[in-house]
Amino acid sequence: MNFHFYSATSMNSRGFKPNEDVIVCDSKNKIAIVCDGVTQKHDEYEADCNTSDAQIVSQIFATELHKSLLSGKEAEESTSIANNAVRLYNSCAKNAYPPALVFVCAQIKNGILDFFYVGDSLIYLFRNNVRICLAEQQTFALSFMRQWKTISKDEVYKTIANKPEHPLGYGVITGDPSAICFLQHTHIELLSGDRIVLASDGLDKYLRFTPPKDIIAQSPSNILEVSRVYDNPPYAAYADDKSIVIIDVD
């Protein structure tokens, strides 16, 4: 069985913030990571900025997670180590809310896809023209409730994010140890012909609404191009950062 890794990323259309996604596409060691930095308060972005605290913590987390997996540590321990590295950075941050990220990660071991995640990024398996969701978006309940009730960002960070006892609770990597309570980790045996897609949530609508046969036929760069139709109403008000890692199995 052979595994082919491909990746691509594109920047948001909002104008005031850099691309806060970070990708690891390690074909040699069969590791894929997509981190999605959480947008900060708008006034925390400097004019024409090339970086941000959200981007920095995404890079810190991706680097430390990758390094830990390469050393042979398992998902839970590796996530805790990388989360702690974010905590050290955030201990000196002066942002209104802690710089944060969400992530998905997959590692192939002996033909088994071992995958884990915290937050609302995406993993799909495409098999025999069927779309199989492997990473459920943990913010779904909150997003649904916000259609009917105003929930401020203050309330989210104080009472919902990283609060496993809250009915709308979801995980976000800020250095808070409680984020590990939201870590989802399992595995699935891979078959020849499988396509695995890891992506940030800027590609959510494209990956949900596009027929599987069309997604299977596209390269990562083509996906970024054809997904633009979902960057406009009624799907979205703007283009978000988009990052994708594809693993094809033959």
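The values are calculated or read from the model by the stated rules, or taken from the named source; none is laboratory data. Here the structure is a predicted model, which means the values were calculated and not measured. Virtual Cβ from ideal backbone geometry, glycine too; neighbours counted across all protein chains shown. In case anyone asks, the SASA skips ligands and DNA or RNA and just uses the protein heavy atoms, side chains included. Shrake-Rupley method; radii C 1.70, N 1.55, O 1.52, S 1.80 Å.
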Original post:
Extension gain residue 112-residue 181, at 0.36 nm per residue separation less the Cα-Cα distance, in nm?
Top reply: 22.4 nm
Original post:
Counting only protein heavy atoms, what percent of the accessible surface of the chain is carbon or sulfur at a 1.4 Å probe?
Top reply: 51 percent
Original post:
Per residue, how much accessible area does the range 26-73 have with a 1.4 Å probe, in Å²?
Top reply: 49 Å²
**OP:** Excluding residue 116 itself, calculate the net charge of residues whose Cβ lies under 10 Å from the Cβ of residue 116, where each Lys or Arg counts +1 and each Asp or Glu counts -1.
**Re:** -3
Subject >> Solvent-accessible area per residue, Å², over the range 94-220 with all protein chains present [probe radius 1.4 Å] >> reply: 46 Å²
Original post:
Assuming R0 = 41 Å, what is the FRET efficiency of residue 236 and residue 73, from their Cβ-Cβ distance, to the nearest 0.05?
Top reply: 0.65
**OP:** Report, by chain and number, residues whose modeled amide H sits under 5 Å from the one on residue 134, excluding near sequence neighbours (fewer than 5 apart, same chain).
**Re:** 123, 124, 125
**OP:** Take the Cα gyration tensor of the chain, multiply each eigenvalue by 5, square-root it, and list the three semi-axes largest first, rounded to whole angstrom.
**Re:** 27, 22, 18
**OP:** Within the range 142-250, list the trypsin sites (Lys or Arg not before Pro) lying in a DSSP loop whose Cβ has at most 16 other Cβ atoms in a 10 Å radius.
**Re:** 149
Original post:
If you plug each phi of the range 111-127 into the Karplus form 6.51 cos²θ - 1.76 cosθ + 1.60 with θ = phi - 60°, what whole-Hz ³J(HN,Hα) values come out, in order, with x for Gly and Pro?
Top reply: x, 10, 8, 9, 9, 7, 6, 9, x, 10, 7, 10, 9, 10, 10, 9, 9
Subject >> Residues residue 11 and residue 208, FRET efficiency given R0 of 30 Å [Cβ-Cβ distance, rounded to 0.05] >> reply: 0.85
**OP:** Starting from the Cα of residue 153, draw a straight line to each of the lysines and keep only those under 26 Å, dropping any in the same chain fewer than 8 residues away.
**Re:** 17, 41, 94, 163, 205, 242
Original post:
So which chymotrypsin sites (Phe, Trp or Tyr not before Pro) in the range 1-81 end up in coil per DSSP with only 15 or fewer other C-beta atoms within 10 Å?
Top reply: 16
Original post:
Between residue 47 and residue 166, what length comes free when the chain is fully extended (0.36 nm per residue of separation minus the Cα-Cα distance, one decimal in nm)?
Top reply: 39.1 nm
Subject >> Nearby aspartates and glutamates by direct alpha-carbon distance to residue 30 (threshold 13 angstrom, same-chain neighbours under 8 apart not counted) >> reply: 114, 248
Subject >> Which of 216, 192, 245, positive extreme of dipole for the range 178-250 (C-beta unit charges) >> reply: 216
Original post:
For the range 94-156, with the dipole built from +1 on Lys and Arg beta-carbon atoms and -1 on Asp and Glu ones, taken about the Cα centre, which of 130, 103, 150 lies farthest toward the positive end?
Top reply: 130
